[in-house]
Amino acid sequence: MKRAGLLLLLVVAAVATVAAYLLGDDADDGSGAAPPPGLAAPAKKELAHRLVSSAENSTLDWRGQYGYIEDIGDGRGYTAGLIGFCTGTSDLLGLVERYTKDHPDNRLARYLPALRKVDGSDSHEGLDPGFTEAWKAEAAEPAFREAQDRARDRGYFDPAVRLAKRDGLGTLGQFIYYDAMVMHGPGSGPRTFHGLREAALKQAATPSGGGEEKAYLDAFLDVRRAVMKREKGHHDTTRLDTAQRRFLRDGNLDLRTPLTWKVYGETYKVP
């Protein structure tokens, strides 16, 4: 009976360990203290949004970008909103579809048939004229801004932070994952986030896999830089070279402030 009881305890412990890994949450690890929140801490999350905005919109005022929309010539159609939802990559379509379920009379609803048609391409068919102005106007609505926040967190921020924590990465590594997921999307192709990660894993192990954190992040940034250099519209890699790589070389794995970095030749500072 004692042997059977011990076996049961071991099985329960193993299941709990696997569940914690799969969930990627911040549950107590048994030591009496939950793991640090990392990039999900309010101040760090605010910093992450400012860093992304400096690269995506050349400003630290990320809250002023809900109405942003333009075709930047990267083959993804219109890029819009907080983190660059694109008409060619399904995320903008998904955002408008979910928003329309709750707010059927919104200004963007009439463009849903066109958005479905152009998804996967850089076409503007059915969107011009009018879609860009409708986007800007709808962005004045608090409900649409909240919808963008939720789409950003659900599709990019939360998955990036969870996976980075599973890989044993600190706050900087979590941000590096997040920024990559924003630009490249969360797909599995060679030019998407998970493709970048798989390529990096062939060069270095993650900390949770027994590797050294700085070496792994260097490998990840190397892989991402090479992909960006081959992508139309993303040849400028300063968001890596004079920002993320700078933080890494400084040993700032916790993404401590104050921070100074450059993107596209512009200098940004956060006290």
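At a glance:
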{"quantity": "Yes/no for Tyr111 being under 26 Å from Asp179 (Cβ atoms) and part of a helix (DSSP H, G or I)", "calculated": "no"}
{"quantity": "Residue in the range 201-208 that is part of a helix (DSSP H, G or I), at pLDDT 95 or above and open to solvent by less than 30 Å² (accessible area, probe 1.4 Å) present", "calculated": "no"}
{"quantity": "Residues of the range 65-93 that turn out to be assigned to a helix (DSSP H, G or I) and open to solvent by 10 Å² or more (accessible area, probe 1.4 Å), as a count", "calculated": "3"}
{"quantity": "Selection count where residues are surrounded by 14 or more Cβ atoms within 10 Å (Cβ to Cβ) and either charged (D, E, K, R) or over 18 Å from Arg98 (Cα atoms) (or both), scope the range 122-136", "calculated": "7"}
{"quantity": "Any pair with Cβ under 9 angstrom, 6 or more apart, that starts in the range 88-116 at a residue that is at pLDDT 95 or above and ends at one that is open to solvent by 60 Å² or more (accessible area, probe 1.4 Å) and basic (Lys, Arg)", "calculated": "Leu93/Arg116; Leu95/Arg150; Glu97/Arg116; Arg98/Arg150"}
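The values are calculated or read from the model by the stated rules, or taken from the named source; none is laboratory data. The structure displayed is predicted, hence computed values, not measured ones. Every residue, glycine as well, gets a Cβ built from its backbone with ideal geometry; the counts of neighbours run over all protein chains shown. Accessible surface areas use protein heavy atoms only, side chains included; no ligands, DNA or RNA. Shrake-Rupley method; radii C 1.70, N 1.55, O 1.52, S 1.80 Å.
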